[in-house]
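Single-structure report; data block below.
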Amino acid sequence: MAFESLSERLQESLKKIRGQATLTEENMDEMLREIRLALLEADVNFQVVKEFIANTKEKALGQDVLGSLKPGQVVVKIVHDELVELLGTTVSELDLSSKPTVIMMVGLQGSGKTTTSGKIAKLLAQKYSKNPLLVAADIYRPAAVDQLKTLGEQLDISVFEKGTDVKAEQIVSEAMTYASQNHHDVILIDTAGRLHIDEPLMNELQNIKDIVHPNEILLVVDALTGQDIVNVAQSFHDHLQITGAVLTKLDGDSRGGGALSIRHITHVPIKFIGTGEKLDAIDLFYPDRMADRILG
Ligand code: GDP
């Protein structure tokens, strides 16, 4: 599972301090040093780590931890709360207030965009009684259109596709008309990805955005991405003003750094996590649950 070694290391540092009857500035500094190293080794962005440690220290000093009755426990709570804050504090659901709701899925190739589009469509159909339409706008990877068609058949969800010869802009424009004629109340657009970010891709995504006026632009990022997640998220956000992120492959062996950095970098919430290849392996993202999982 993701976060395993980070979790072990943090728990180890906190265990040492939890039981302390008296706490000195020295052993608190030592603990903060250990936490700092654990976060850096888990690939958390350097700037994020720096602020995390500074905030934790400031809060600890502000609450007069050293003079409190159970100082170790107070420090553990401060670290926990700081982690929850870093992850976004509250759960953030999709904005489904518009009729129809248009959700644009963006991200690098292989991040899990197509799979996640299917997962979200299924979730919206089953739990929110919506009638979603999946739109195949990734025309550069022929397999992507077929993959979405297969997903749609498996899930019994309509897929709008025009193969790979029609421009993405035209596909989404026709899909909007089709959706309104066929009473689809959510339109999920699976856009093209690339191995690396490039201008033509961003231009196409911007064009699609201008045509469909999405209520949500969700950046799908693979939790295994590590440090590079910062560049990817920043770049997509600068070009498209994303409204949320989906972290996929949290069931994998990621060190977790990207997950802990992305909110801080983009200031948009993580809305979902992907926890497996199966189509029901998706959850809303609960910052407190994630912090509990990391800190044990
Ligand atoms: P796209 O290129 O961004 O559309 O990516 P795909 O949706 O094709 O996904 C790439 C691979 O990642 C596929 O093999 C998916 O089954 C897999 N995948 C997607 N989400 C998850 C997840 O949450 N966990 C795991 N283990 N695999 C995932």
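The values are calculated or read from the model by the stated rules, or taken from the named source; none is laboratory data. Predicted, not measured: the structure shown is a model, and the values here were computed from it. Positions of Cβ are backbone-derived with ideal geometry, glycine not excepted, and every protein chain shown enters the neighbour counts. All accessible areas refer to the heavy atoms of the entire protein, side chains included, with ligands and DNA or RNA removed. Shrake-Rupley method; radii C 1.70, N 1.55, O 1.52, S 1.80 Å.
Carbon and sulfur together cover what percent of the accessible area of the chain at a 1.4 Å probe radius? It is 48 percent, rounded to a whole number. Among the listed pairs Lys77/Lys271; Lys122/Lys162; Lys57/Lys77; Lys127/Lys149, those whose Cα-Cα separation exceeds 19 Å are Lys77/Lys271; Lys122/Lys162; Lys127/Lys149. Only Lys, Arg, Asp and Glu carry charge here, each on its Cβ (+1 for the first two, -1 for the last two); on that basis the range 164-213 has a dipole of about 60 debye about its Cα centre. Close amide H partners of Ala245, meaning residues 5 or more places away or on another chain with modelled amide H under 5 Å apart, are Leu219, Ile270, Lys271, Phe272. Along the axis of the charge dipole computed for the range 142-296 (Cβ charges of +1 for Lys and Arg, -1 for Asp and Glu, origin at the Cα centre), the listed residues His264, Gln241, Leu155 are led at the positive end by His264.
Averaging 1/r over every pair of different alpha carbons in the range 1-100 and inverting the result gives a Kirkwood radius of 14.7 Å. When both the range 124-178 and the range 254-285 are represented by their alpha-carbon centers, they are found 23 Å apart. Calculated FRET efficiency, Thr90 to Asp156, Cβ-Cβ distance, R0 = 22 Å: about 0.10 to the nearest 0.05. Applied to the range 16-23, the Karplus parametrisation 6.51 cos²θ - 1.76 cosθ + 1.60 on θ = phi - 60° returns per-residue 3J(HN,Hα) values of 4, 8, 4, x, 5, 6, 10, 10 Hz, with x for Gly and Pro. Rounded to the nearest 20, the Cβ-based charge dipole of the chain about its Cα centre (Lys and Arg +1, Asp and Glu -1) stands at 500 debye.
Give me the net charge of Arg194's neighbourhood, meaning all other residues with Cβ under 12 Å from the Cβ of Arg194; Lys, Arg count +1, Asp, Glu -1.
Details: positive: Lys113, Arg141; negative: Asp138, Asp198, Glu199, Glu204.
Local net charge: -2.
Annotation: extensible slack from Gln241 through Leu284 equals 13.4 nm (criterion: 0.36 nm per residue apart, minus Cα-Cα distance). The H on the amide N of Ser158, modeled in the peptide plane, is under 5 Å from the matching H of Leu134, each at least 5 residues off or on a different chain. Counting every alpha-carbon pair across the chain, the share separated by more than 26 Å comes to 47%.
For the range 94-135, the equivalent ellipsoid derived from the alpha-carbon gyration tensor has semi-axes of 19, 12, 8 Å in decreasing order.
Surface analysis of the range 162-241 yields an accessible area of 44 Å² per residue, using protein heavy atoms and a 1.4 Å probe.
When Glu93, Glu82 are compared by accessible area at a 1.4 angstrom probe, the order from most to least is Glu93, Glu82.
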